[in-house]
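Participant: Before I ask anything, here is the structure I am working with.
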Amino acid sequence: MTGERTQESSDPRFLCDAMLGGLARWLRAAGYDAQFEYGIKDRDLVARAQATGRMLLSSDGPMFERNVIKNGELPALYIPQQLGKLDQLRFVLDKLHLPLLSPRCMACGGELRDVPKHRVMGEAPPLAYRNCEHFWRCRNCAKLFWHGTHWQKITTRLHDITAQG
Ligand SMILES: [Zn+2]
């Protein structure tokens, strides 16, 4: 797949604010565990990041006035709001010097594992079953992925943004 390796425990995991759902999905495609939740209160967001050891990503200026962030207790990164989703991803990878990793599930951030092709017969769409050799399943939400045109578009865009830097 895209990256050389899967996420390790030393790689950062992220919690995105409610405005950054798109970024969270792209971080997952780049191989990073990233969560977000619509409508979560700032206070709860900060508490959850602390409780789960995640780095907070936010486009909300006042968030960075909080003491736990100012004193470095909670690692956080300000994401310029005017950037598009892919530029936001590039911004994070550049700032933190992170490589592309093997993708995680874009729906939930779970780890993907290989599934032998014969196991997805009847489950994969017929066209995908005919044309693709590699299938993956999310360990968390069980969503099935395959190396088809949609996936190729995603990996091409990921490599485009990392090649520009
Ligand atoms: Zn999933």
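The values are calculated or read from the model by the stated rules, or taken from the named source; none is laboratory data. The structure displayed is predicted, hence computed values, not measured ones. Positions of Cβ are backbone-derived with ideal geometry, glycine not excepted, and every protein chain shown enters the neighbour counts.
Participant: Just need a number here: residues in the range 36-56 that are closer than 11 Å to residue 74 by Cα and of a type in the set (D, E, K, R).
Facilitator: Of the residues in the range 36-56, 2 are closer than 11 Å to residue 74 by Cα and of a type in the set (D, E, K, R).
Participant: Only one of these is among the aliphatic types (A, V, I, L, M) and within 16 Å of the ligand (Cβ to nearest atom): 49, 128, 30, 76. Name it.
Facilitator: 30
Participant: Among the residues of the range 135-165, count how many are touching a residue at least 60 places away in the same chain (Cβ under 8 Å) and not in a helix (DSSP H, G or I).
Facilitator: 3
Participant: Take residue 10 and tell me if it is hydroxyl-bearing (Ser, Thr, Tyr) and touching a helix residue (DSSP H, G or I) at 6+ places or on another chain (Cβ under 9 Å).
Facilitator: no
Participant: Out of (1) modelled with pLDDT of 90 or more; (2) out of contact with any strand residue (DSSP E or B) (no Cβ under 8 Å at 6 or more places or on another chain); (3) among the small types (Gly, Ala, Ser), the odd one out for residue 165 is which?
Facilitator: (1)
A quick yes/no check of all residues on (1) under 30 Å from residue 133 (Cβ atoms); (2) of a type in the set (Lys, Arg); (3) under 16 Å from the mean Cα position of the chain (by Cα):
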residue	(1), (2), (3)
15	no, no, yes
20	no, no, yes
29	yes, no, yes
57	no, no, yes
74	no, no, no
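Participant: Going by the structure shown, is residue 8 assigned to a loop (DSSP other than H, G, I, E, B), under 30 Å from residue 148 (Cβ atoms) and free of Cβ contacts under 8 Å to residues at least 24 places away in the same chain?
Facilitator: When the stated conditions are applied, residue 8 passes them.
Participant: Please enumerate the residues belonging to the range 34-54 that are assigned to a loop (DSSP other than H, G, I, E, B) and modelled with pLDDT of 95 or more.
Facilitator: 53, 54
Participant: Suppose we keep only residues that are of a type in the set (Phe, Trp, Tyr) and touching a strand residue (DSSP E or B) at 6+ places or on another chain (Cβ under 9 Å) within the range 37-88. Which one would you say is surrounded by the fewest Cβ atoms within 10 Å (Cβ to Cβ)?
Facilitator: Here the residue is 64.
Participant: Which one is farthest from the chain's Cα centre (by Cα) among residues in the range 103-123 that are assigned to a loop (DSSP other than H, G, I, E, B), more than 19 Å from residue 23 (Cβ to Cβ) and within 16 Å of the ligand (Cβ to nearest atom)?
Facilitator: Here the residue is 123.
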